[in-house]
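*Asks:* Would you mind keeping the following structure in view while I ask a few things?
Please treat every number below as a calculation from the coordinates, not as lab data. Small disclaimer: the values here were computed from a predicted structure and weren't measured. Positions of Cβ are backbone-derived with ideal geometry, glycine not excepted, and every protein chain shown enters the neighbour counts.
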Amino acid sequence: MVMAFACDHGGFPLKARLLQEIQALGAEVLDLGTNSSAAVDYPDYAEALGRAIIEGRAQAGVLVCGSGVGASVAANKLPGIRAGLCHDSFSARQGREDDDCNVLCLGARVVGPELAADLVRIWMAARFSGAQRHMRRLEKIHHLEETY
Ligand code: RB5
């Protein structure tokens with residue numbers, strides 16, 4: 001499995017730890033930057049990560065900014081991207097099992113490196129249930145994308 005990773009300068013402090021974690025879980029990393037704490041704009045990184053998933057260069061991704069909020073708002077503008085900001089284990093698991101999220105968003109100014117690594121581990125281990133009621137809801141999200 002290829003996991004895309006992208007962050008802005010606010011998310012950069014988590015980058016090394018999270019790349020290590022993703023690789024330790026057996027996934028290949030597609031590193032889309034940023035590569036320093038110099039200020040950049042998070043929508044550019046959300047777009048790069050979302051595009052990698054849409055184009056099939058990665059199956060899922062981890063996207064980090066300072067709060068995780070801006071990154072998740074931006075990523076969710078791309079069709080087919082379901083980005084969830086998860087700072088607790090319940091949301092990380094359920095966001096995959098019920099909502100079939102393909103992007104985990106984190107805020108490096110909110111969670112520390114070990115909690116963030118735990119959340120990545122939980123998120124990557126969880127699988128979409130495929131339950132009919134969740135399929136129906138995902139279909140409605142798809143319809144929203146097509147309508148607007
Ligand atoms: C950058 O200063 C910061 O705004 C960004 O990382 C993120 O927190 C936005 O939601």
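*Asks:* How high is the FRET efficiency from Asp44 to Val69, r the C-beta distance, R0 22 Å, rounded to 0.05?
*Replies:* 0.85
*Asks:* Same structure again: With only Lys, Arg, Asp and Glu charged, each at its Cβ (+1 for the first two, -1 for the last two), find how big the charge dipole of the chain is about the Cα centre; round to the nearest 20 debye.
*Replies:* My answer is approximately 280 debye.
*Asks:* How charged is the neighbourhood of Ala131? Take every other residue with its Cβ under 15 Å from the Cβ of Ala131, and add Lys/Arg as +1 and Asp/Glu as -1.
*Replies:* Neighbour charge sum, excluding Ala131 itself: +2.
*Asks:* Another question about this same structure. What does the helix-only formula give at 222 nm for the chain: each DSSP H stretch with n ≥ 4 adding -39500 (n - 2.57), the total divided by the residues, and the result rounded to the nearest 500 deg cm²/dmol?
*Replies:* Helices in the chain give a 222 nm mean residue ellipticity of -15000 deg cm²/dmol.
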